[in-house]
Amino acid sequence: MSTGLKKKGATQTFAVADVSRKPQQGRSKASLERMLVAARELMLERGSEEFTLQEVSERGQVSIGSIYLRFESKDNLVRGVIAEALDSLRAEETALLAKLGKDCPDLDSFVPAFVEGYAELLRRHAPLLRMTMERAVFDPLVSGPGKENALRAEADATEAFMKYSAQFGGSDHKGKAEAAFHIIFATLARQLSLGSSGEAAHGYDWSLLKRELGRMCLAYFYAD
């Protein structure tokens, strides 16, 4: 079984299929899903990859042999969990931007709504994102797709901001949109302990942080 990443055009893709053998029957697909769910639950409960395949076997009601047949190693099982998490994050980001694009007629409504929605999206995914970032430090099969996912999130958010660029102050509208996303992500990521150090900012009130971050970014967009 190859654990290399598939290519789609010039873009890397990362899915469970990249690190597992493809199930051929419905029962095999259900077994694969139980493996992934069990491993994910153990990772979230412990905040780390400190679990055994025996524990996955018992919780997922699958045999050790089936796990090895499907993934070959614990590392690949962890990568499979991460691949599903990145897929889920990507789908939620896309859905959020689509909804806000319909619901927000102007910059005043879009910016605070984006900060609120994106903050809660990151908060929901934070536990697995922390483990993804920790593994990305030494695992290129995670770091590559993780970087690709981050760049795509930046591009999509920038495009969404640019729909309101007629209301921006100044002249470098794309630069403003990119900078605003970086400020939003960096602020939220620090508060949620997403980073190589795993260190959170001080215990600033989460609701207040979201509100003030939205206000600051809105003022930045309007500034000359």
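The values are calculated or read from the model by the stated rules, or taken from the named source; none is laboratory data. Bear in mind the structure is a predicted one, so any value in this text is a computation, not a measurement. FYI the Cβ positions are ideal-geometry reconstructions off the backbone, even for glycines, and counts take in every protein chain you see. Ligands, DNA and RNA are excluded from the accessible area calculation, which covers all protein heavy atoms including side chains. Shrake-Rupley method; radii C 1.70, N 1.55, O 1.52, S 1.80 Å.
Quick grid of which residues meet (1) polar (S, T, N, Q); (2) open to solvent by 10 Å² or more (accessible area, probe 1.4 Å); (3) in a helix (DSSP H, G or I); (4) more than 15 Å from ARG34 (Cα to Cα):
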site	(1), (2), (3), (4)
LEU69	no, yes, yes, no
LEU96	no, yes, yes, yes
PRO105	no, yes, no, yes
SER109	yes, yes, yes, yes
ALA119	no, no, yes, yes
HIS125	no, yes, yes, yes
MET131	no, no, yes, yes
GLU134	no, yes, yes, yes
GLY144	no, yes, yes, yes
- List every residue pair whose Cβ atoms sit under 6 Å apart, with the two residues 6 or more apart in sequence or on different chains, where the first one lies in region 204-224 and is assigned to a helix (DSSP H, G or I) and the second, anywhere, is among the polar types (S, T, N, Q). LEU213/THR187
- Task: State yes or no: is ASP224 loosely packed, with under 15 Cβ neighbours inside 10 Å and touching a Gly at 6+ places or on another chain (Cβ under 9 Å)?
- Result: yes
- From (1) surrounded by fewer than 18 Cβ atoms within 10 Å (Cβ to Cβ); (2) within 17 Å of LEU86 (Cβ to Cβ), pick out the condition that doesn't hold for ALA166. (2)
- Query: Of all residues in region 143-200, which are acidic (Asp, Glu) and at pLDDT below 95?
  - Reply: GLU148, GLU199
- Query: Which of (1) open to solvent by 30 Å² or more (accessible area, probe 1.4 Å); (2) assigned to a helix (DSSP H, G or I); (3) at pLDDT 95 or above is the odd one out, the single condition LEU77 does not satisfy?
  - Reply: (1)
- Determine if region 57-71 includes at least one residue that is aromatic (Phe, Trp, Tyr) and touching a residue at least 60 places away in the same chain (Cβ under 8 Å). no
- Query: Name the residues in region 46-64 that are in contact with a helix residue (DSSP H, G or I) (Cβ under 9 Å, 6 or more places away or on another chain), in a helix (DSSP H, G or I) and not polar (S, T, N, Q), would you?
  - Reply: LEU53, GLU55, VAL56, GLU58, ARG59, GLY60, ILE64
- Note on the structure: Within region 136-180, residues without any contact (Cβ under 8 Å) to a residue 24 or more places away in the chain and touching an Asp or Glu at 6+ places or on another chain (Cβ under 6 Å) come out as THR158
- The one condition in (1) outside any helix (DSSP H, G or I); (2) open to solvent by 40 Å² or more (accessible area, probe 1.4 Å); (3) under 25 Å from SER88 (Cβ atoms) that PHE185 fails to fulfil: (1)
